[in-house]
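Each remark here refers to the structure printed beneath this line.
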Amino acid sequence: MSVPYHRLPRVDANWRWWRPLVALAVFLGFYMLSQIVIGIAYLVPIATQRGPEGLDDLLTKLSEGALDPTDPLVLSMSLVSLVVLLPAIMLSTRIARLGPYGLLSSIRLRVRWGWLGWCLLPLLVLGIVMFLLQSWGMFAFDGGLHWNTAAIGQSTVSVQTLTVTILLVVLLVPFQAAAEEYVFRGFLMQTIGSWIPVRVVSTVVAVGVSTVLFAVLHVPNGYNIWGILDVGSFGLVAAVIVLRTGGLEATVLQHALNNIMIFVLQAPGWSEIDLTGEGSQGTPAGFLVTLATSLGYWGLIELMAHWRRLDRRFPGQEAPRFHGPAPRWAGGRQWLRPGGPGWSGAPALGDGSVTSGDPALVGVGVGVGAGAGVGSGAGTGAGARSSVSAPAPASGSEEGAGAGAEAVPVEKSGGVGPRP
């Protein structure tokens, strides 16, 4: 047995259907509070230095929705307001007791830094292709390589402003991209996947809902129908990549590269390029380019995952459901550790013989049968068998299940046996 990424919260016996709702409430409260703090931190100094006119100008630009890459102030405020989503969603899942901080990162319950490093190779290929496609027509080669000013015009920002903008983009966009991935492809997909018991249905619904919401929430940025399809296709392929790789590493890199390249190429504010016109809000060609590059990146990631023999699913089992509080042995990190045996080595819950928090079950491999007593190293009564096999003794010898009872074998999950 193994557990896919979008059902990872169900490994913990303390999971309940209402916990994601608690996390969502905490997340929204944290986000609203952070927006107030960010607004005060930006607007008060602007009103003091530039007066009412400067404040009105900033508010007008912010109300337009789109991230203006030619104005460092507007760009930084917009990016920071999105960056705070990352700590907000991670703290919310922890406060709601959905799992450890790394629950949203991958099936290893952490960022798989080695796998992220290998993803840089497909990302490099994607970056080269995207740069050639997005900068098409912006360069001229007569007399050497230079900007094609006849087509794109002259830069409308100073060198100092351009430098500040590029630094902001490089520093903030990776965290902005990670925040959106953790919210849409992480929390949202895991929440929906955990709510729906049928795995195939949960997969389809989780991918569909996360993709639609990701696209719809970009509508305020001023996108037309082609722009929404562009964003939606990106989100759809990203969701599939997350499920196929068991984590967010590859899509965070893809999202960050996509946004960085767009902002950097637009940062000079070319006089002949209209960043607010109809063509800038989405085109059929742009939609096809995004779809093709996303599919190509997915293919490269699949090859890399196959080559590196990537662990794509949690090597364990989903937790059994308990009425009321889960027993003490049912919680804790021992069932969530990477490579842990999951629930195959958990003691069984008998008919009233094992109570919640029974200290005899903490760290002790015991089997409990109907009407049988509990003791360290004790098995079930004669002829009775635990519904869940107990961990094997450290010595490797077989342990009897009582007088004349047959030894209970240990069921392994994902090829990993239980730890002593």
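The values are calculated or read from the model by the stated rules, or taken from the named source; none is laboratory data. As the structure is a prediction and not an experimental result, all values here were calculated from the model. Methodologically, a virtual Cβ is constructed for each residue, glycine included, from the backbone with ideal geometry; neighbour enumeration extends over all protein chains shown. Only protein heavy atoms, including side chains, enter the accessible area calculation; ligands, DNA and RNA are left aside. Shrake-Rupley method; radii C 1.70, N 1.55, O 1.52, S 1.80 Å.
Between ARG97 and LEU121, the contour length at 0.36 nm per residue exceeds the alpha carbon distance by 5.0 nm.
Using a 1.4 Å probe, how large is the accessible area of THR203, given in Å² and rounded to the nearest 10? Per-residue accessible area (THR203): approximately 40 Å². I'd like the carbon and sulfur percentage of the solvent accessible area for the stretch 124-196, probe radius 1.4 Å, heavy atoms only, ligands and nucleic acids excluded. That fraction is 75 percent. Accessible surface comparison of TRP113, TRP226, TRP270, probe 1.4 Å, protein chains only, largest first: the order is TRP113, TRP226, TRP270.
Report the full-extension gain for the segment MET32 to GLN154: residue separation times 0.36 nm, less the Cα-Cα distance, to one decimal in nm.
Separation in residues times 0.36 nm, less the Cα-Cα distance, equals 39.9 nm.
Sequence-distant contacts, meaning Cα pairs under 8 Å at least 6 residues apart, place the relative contact order of the stretch 197-316 at 36 percent. Solvent exposure of the stretch 15-134, expressed per residue, is 51 Å² of accessible area, with all protein chains present and a 1.4 angstrom probe. Using the alpha-carbon centroid of each, what span in Å lies between the stretch 112-145 and the stretch 36-50? If you average the Cα positions of each part, the centres end up 37 Å apart. Placing a label point 7 Å from the Cα of ALA25 along the Cα-to-Cβ direction, the residues of the stretch 309-326 whose backbone N falls under 20 Å from that point are 324-325. Charge dipole (Cα centre; +1 on Lys/Arg Cβ, -1 on Asp/Glu Cβ; no other charges) of the stretch 117-268 amounts to roughly 300 debye. VAL3 sits with roughly 0 Å² accessible to a 1.4 Å probe, with DNA, RNA and ligands left out of the calculation. Taking a sphere under 15 Å around the Cβ of ALA25 and counting the other residues whose Cβ falls inside, with K and R at +1 and D and E at -1, yields a net charge of +4. If R0 is 22 Å, the Cβ-Cβ spacing of LEU145 and VAL170 corresponds to a FRET efficiency of close to 0.45.
Going by accessible surface with a 1.4 Å probe and the largest first, HIS146, HIS306 read HIS306, HIS146.
TRP118 contributes an accessible area of around 80 Å² to the protein surface, as traced by a 1.4 Å probe with all chains present.
Summing +1 for each Lys or Arg and -1 for each Asp or Glu, what net charge is found among the other residues whose Cβ lies under 13 Å from the Cβ of ALA305? Taking every Cβ under 13 Å from that of ALA305, the sum is +3. Accessible area per residue (1.4 Å probe, heavy atoms of protein chains only) ranks PHE184, PHE314 as PHE184, PHE314, with the largest value leading. Ranking HIS146, LEU123, PRO87 by how far each Cα lies toward the positive end of the dipole of the stretch 82-224 (charges on Cβ) leaves PRO87 at the top. Solvent-accessible area assigned to carbon and sulfur over the stretch 1-113 amounts to 68 percent, based on a 1.4 Å probe.
When N counts the residues of the stretch 1-143, how does its alpha-carbon radius of gyration compare numerically with 2.2 N^0.38 Å, as a ratio? Provide the component values of the computation, followed by the final result.
Values: Rg = 21.5 Å, N = 143, 2.2 N^0.38 = 14.5 Å.
Working it through for the stretch 1-143, the quotient is 1.48.
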